[in-house]
Amino acid sequence: MTQQSQETTHTSTLFKRIIGNISGGDNQTLLVCIGGLHGNEQAGYNALEYLASHLDKRLFNGHFVAIGGNLQALKEKKRYLQTDLNRIWLNDLIDNIPPDSEISEYEELRQLIEVLRVIPHDTYKRRILIDLHTTSAPNGAFVVRTTTTDDKLAQLLEIPVILGLDKKLQGTAMTYMEQWNYETFAFEGGTIGKENSANNLTLGVWRIMQALQMTTQPIPNLEHTLGETIRTGVPNYLNCEYIHKIPENSTFKMLEGFGNFDSIEEGQLLAYQDGKEIRSPYKGYILMPLYQDEGNDGFFVVK
């Protein structure tokens, strides 16, 4: 397989759970953002650091909490150490996390839940959670919608919105937080290791804050790629039709050269698994082709 992709950064080398906690005014809106649930996707963490340090608290109206995800994996620049932290947000596990677990991600999850429980959710009329990510393939800016997503906010990002994917992935943070009466979605900001990915995430969250009337502070002038994919003709809304799951202990290798939203044909050769050809079951667009060592989802097909 290809060498694992990593975020390039000149920002953080020391990671903390609470990146920022800003509140003021009488706006009854709570915005919680999580960055770095996958440790090789540092752009989300960096974007939240930028927001926490550049937002003018004197102009802020509402409550913004920025949270670091898998801190140990971020330090080691790995997607995860033992298990995928964004696949274990399950009630049965969260209610019974063993205090002496040797699985690093279980401790990360316990700490994340503790932080989230401290936030005074019930004092706000509107609660929104955005989970920030990047992908290992090019052109990876898009929204993963849930049943609670406000489409008006998603459309501000000028990137494709993926429907139905939330129901096909088990144990994600965005799905878990819906039961806490949050509007949730995942914001994929671009390619792992590209500086404009962090910029996309920063500007996207800032746009949402402005739309929620949480700040009147002008959006910073950062180079970004928001809007580029839609301008090439990719539809605004796409349905997730298929996920290629990689069985445990299988060897999976994606064919080189695929980017997010590349058109593919039914029956087209996409990858090899344990030496056997893997072909697309549908015509559509490929999403998140796997070009890193870790991960159990080989690729997605949307249409």
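The values are calculated or read from the model by the stated rules, or taken from the named source; none is laboratory data. From a predicted model like this one, the values you see are computed outputs, not experimental measurements. Every residue, glycine among them, receives a Cβ derived from its backbone with ideal geometry; neighbour counts consider all protein chains shown. Each accessible area value is taken on the protein alone, full model and side chains, heavy atoms only, with ligands, DNA and RNA left out. Shrake-Rupley method; radii C 1.70, N 1.55, O 1.52, S 1.80 Å.
Structure data summary
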quantity: Rounded to 5, the percent of DSSP beta bridges in the chain classed as antiparallel; calculated: 55 percent
quantity: Under 17 Å from LYS283, Cα to Cα: lysines that are on another chain or at least 8 residues apart; calculated: LYS303
quantity: Nearby aspartates and glutamates by direct alpha-carbon distance to LYS194 (threshold 17 angstrom, same-chain neighbours under 8 apart not counted); calculated: GLU7, GLU41, GLU49, GLU223, GLU228
quantity: Per residue value of the accessible surface for the stretch 76-179 (all protein chains in place, 1.4 Å probe), Å²; calculated: 45 Å²
quantity: Whole-number accessible area per residue in Å² for the stretch 12-60, which is evaluated in the context of all protein chains at 1.4 Å; calculated: 37 Å²
quantity: Signed unit charges on C-beta, dipole axis of the stretch 53-104, positive-most listed residue ILE67, ILE94, GLN82; calculated: ILE67
quantity: Assigned charges on the beta-carbon of Lys, Arg, Asp, Glu; the chain dipole about Cα centre (debye); calculated: 600 debye
quantity: Ordering of 186-193, 155-162, 166-173 by burial proxy (mean other Cβ atoms within 10 Å per residue, highest first); calculated: 186-193, 155-162, 166-173
quantity: Protection proxy ranking of 90-96, 134-140, 176-182 - average other beta-carbon atoms within 10 Å, highest first; calculated: 134-140, 176-182, 90-96
quantity: With eigenvalues of the C-alpha gyration tensor scaled by 5 and rooted, the stretch 149-241, Å; calculated: 22, 18, 13
quantity: Highest average packing first - 33-45, 52-64, 112-124, Cβ atoms within 10 Å; calculated: 33-45, 52-64, 112-124
quantity: Relative intensity, log₁₀ I(q)/I(0), of the chain from a Debye sum that treats every alpha carbon as a point, q = 0.10, 0.14 Å⁻¹; calculated: -0.52, -1.05
quantity: Taking all pairs of distinct alpha-carbon atoms in the stretch 1-158, Kirkwood radius in angstrom; calculated: 16.9 Å
quantity: Surface per residue (accessible, 1.4 Å probe) for the stretch 219-270, Å²; calculated: 58 Å²
quantity: The chain - percent of accessible surface contributed by carbon and sulfur, probe 1.4 Å; calculated: 46 percent
quantity: Eligible lysines near LYS253 by straight Cα distance, threshold 20 Å, same-chain separation 8 or greater; calculated: LYS78, LYS245, LYS276
